[in-house]
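The next block holds one structure in the form of structure tokens; read it before the comments.
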Amino acid sequence: MKVQSTQIPGVLIVEPVVFGDDRGFFLESYNKREMQSIGIDAHFVQDNHSRSSRNVLRGLHYQINQPQGKLVRVVSGKVFDVAVDIRRDSAFFGKWAGVELSAENKRMFWIPPGFAHGFVVLSDSADFLYKATDYYEQKFERTILWNDPDLAIEWPIEGKPILSLKDAAGKAFCEAEVFEGDSLLKEANAKQ
């Protein structure tokens with residue numbers, strides 16, 4: 001397994017070893033020991049699968065309580081995936097990292113707790129899988145506007161994306177609830 005750092009420490013691009021021949025391919029999509037060896041020591045509690053059409057943009061989502069770390073990948077199609085640092089005390093607060101994930105490149109993207117997450121579909125459709133470190137809880141979910149000018153995310157899309165009502169009504173980054181001080185540490189300790 002190979003790992004690439006991004007401009008934000010802790011946000012990682014993971015490339016699994018792929019064994020292929022004329023019959024197809026095989027890869028390990030998750031191996032706890034391998035993940036720990038590259039710095040992802042997460043306990044996953046939920047797997048999710050979404051399918052979306054071209055130009056569908058989902059995000060920027062996070063949970064203000066029960067923050068989720070996510071290990072994401074695409075098994076059909078292609079997306080541009082984004083993580084935004086929303087930890088106020090971070091030197092990278094308000095910065096984003098993005099990567100193209102596809103069935104072809106087989107990359108995974110590790111987004112630690114404390115980040116907002118979103119993606120846009122670049123192919124006709126995409127099947128998107130993600131492992132989460134905490135359970136989804138609707139009352140804690142928050143959304144930041146995908147096109148917030150303070151974030152200036154360089155989405156590789158033409159025209160307007162297709163958004164849910166929730167995503168179209170997301171908050172401006174300057175008004176969004178963010179992680180303050182050691183709130184993530186308190187959350188982790190409460191689970192032990």
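What follows draws every value from the coordinates through simple rules; no lab data is involved. Note that the structure is a prediction, hence the values are computed from the model and not measured. Cβ atoms come from the backbone with ideal geometry, glycine included; neighbour counts cover every protein chain shown.
Couple of notes before you dig in:
- Radius of gyration over Kirkwood radius for the chain, both on Cα atoms: the Rg/Rh ratio is 0.95.
- Signed unit charges on C-beta, dipole axis of the range 1-58, positive-most listed residue Ser53, Ile8, Val18: Ser53
- Options Ile144, Met108, Gly98, ranked by Cα towards positive dipole end of the chain, top entry (Cβ charges): Met108
- Label point 7 Å beyond Cα of Val45 along Cβ direction - residues of the range 129-166 with amide nitrogen under 12 Å: 132-137
- Neighbour counts of other Cβ atoms within 10 Å put Tyr136, Tyr62 in the fewest-to-most order Tyr136, Tyr62.
- Out-of-range pairs (alpha-carbon distance over 20 Å; input Lys95/Lys131; Lys78/Lys166; Lys32/Lys139; Lys78/Lys171; Lys106/Lys166; Lys32/Lys70): Lys95/Lys131; Lys78/Lys166; Lys32/Lys139; Lys78/Lys171; Lys106/Lys166
- Electrostatic tally near Ala97: other residues with Cβ closer than 11 Å to its Cβ, Lys and Arg +1, Asp and Glu -1, net -1.
- Taken about its Cα centre, the chain carries a charge dipole of roughly 240 debye when the Cβ of each Lys and Arg holds +1 and the Cβ of each Asp and Glu holds -1.
- Each peptide in 82-91, 150-159, 124-133, 16-25 was scored by the mean count of other Cβ atoms within 10 Å over its residues; highest first, the order is 82-91, 124-133, 150-159, 16-25.
- Working from label points 7 Å from Cα in the Cα-to-Cβ sense, the Ile157 to Ile38 distance is 2.8 nm.
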